[in-house]
Amino acid sequence: KQEVTQIPAALSVPEGENLVLNCSFTDSAIYNLQWFRQDPGKGLTSLLLIQSSQREQTSGRLNASLDKSSGRSTLYIAASQPGDSATYLCAGWYSGGGADGLTFGKGTHLIIQP
Amino acid sequence: ETGVTQTPRHLVMGMTNKKSLKCEQHLGHNAMYWYKQSAKKPLELMFVYNFKEQTENNSVPSRFSPECPNSSHLFLHLHTLQPEDSALYLCASSQDVRGGTEAFFGQGTRLTVV
């Protein structure tokens, strides 16, 4: 059974800091990995998608990396802002032998202090 | 209009009621999904539809009944639910079930069973 683990579960930092969110997965047979943001009581907003053949993706102040061999992905947020406060979810897409859908971690609850 | 739209946003129902959740996607995708998000648990995949055909039922109780009349619409029919079924139900779509494509989520339906 595929499992996705996110560390830390919660993080609170002052505005302006650069930070790293970690995601690990148990099965290297991963098609792709997607990072999402979820605001309280809302749905998920897709941030970045990393294909299995890629090692990283960048969008604005966000950079996500993927290392299949070690079963890890990181989301780097540069120059954090209060508006970045949200829960960040990592999800791996597995296919064959399991559900054709995303397997999620529990998320990292991020608070950026003004 | 947002890519994936869910209605209603909030629903309170008794254990003997029958209700339905609706999801509509305007992205031209072929795959649609239902996920359940409970407090302190990762998102759980419930059902997967590809080209209107159900490809996955992730051991979901029969009191949840999905319907996919076409590639743009997905319903979740609810009957005789239990209080532990209270959760945020999220709909998602992607171009294909075979990984490698980005998944987009709706805003969710917050369901409370009383």
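The values are calculated or read from the model by the stated rules, or taken from the named source; none is laboratory data. All of these numbers come straight from a predicted model, not from anything done at the bench. Reconstructed Cβ throughout: ideal geometry from the backbone, glycine too, with neighbour counts over all protein chains shown. The protein model used for the area step is the full one, side chains on, heavy atoms only, and it has no ligands, DNA or RNA in it. Shrake-Rupley method; radii C 1.70, N 1.55, O 1.52, S 1.80 Å.
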Is it the case that some residue within the range B:23-39 is over 28 Å from A:LYS106 (Cβ atoms) and either surrounded by 14 or more Cβ atoms within 10 Å (Cβ to Cβ) or among the aliphatic types (A, V, I, L, M) (or both)?
-> yes
Name the one entry in A:LEU110, A:LEU102 that is more than 10 Å from the chain's Cα centre (by Cα), assigned to a strand (DSSP E or B), within 14 Å of A:LEU47 (Cβ to Cβ) and at pLDDT below 95.
-> A:LEU102
Selection count, the range A:6-41, where residues are closer than 14 Å to A:TRP93 by Cα and assigned to a strand (DSSP E or B) | 10
Could you identify the single residue in A:SER69, A:SER80 that is open to solvent by 60 Å² or more (accessible area, probe 1.4 Å) and in a loop (DSSP other than H, G, I, E, B)?
-> A:SER69
Can you tell me which residue in the range B:46-63 is modelled with the highest pLDDT, limited to those that are hydroxyl-bearing (Ser, Thr, Tyr) and surrounded by fewer than 20 Cβ atoms within 10 Å (Cβ to Cβ)?
-> B:SER62
Would you point out the residue of the range A:47-61, among those that are of a type in the set (Ser, Thr, Tyr) and free of Cβ contacts under 8 Å to residues at least 12 places away in the same chain, that is farthest from the other protein chains (Cβ to nearest Cβ)?
-> A:THR58
Per-region count, the range B:87-107, residues more than 7 Å from every other protein chain (Cβ to nearest Cβ), part of a loop (DSSP other than H, G, I, E, B) and crowded, with 17+ Cβ neighbours inside 10 Å | 1
Name the residue, out of B:VAL12, B:VAL48, that is assigned to a strand (DSSP E or B), within 25 Å of A:ASP39 (Cβ to Cβ), in contact (Cβ under 8 Å) with a residue 40 or more places away in the chain and not basic (Lys, Arg).
-> B:VAL12
Any pair with Cβ under 6 angstrom, 6 or more apart, that starts in the range B:23-41 at a residue that is farther than 19 Å from B:PRO83 by Cα and modelled with pLDDT of 95 or more and ends at one that is open to solvent by 30 Å² or more (accessible area, probe 1.4 Å) and part of a strand (DSSP E or B) | B:GLU24/B:THR5; B:GLU24/B:HIS73
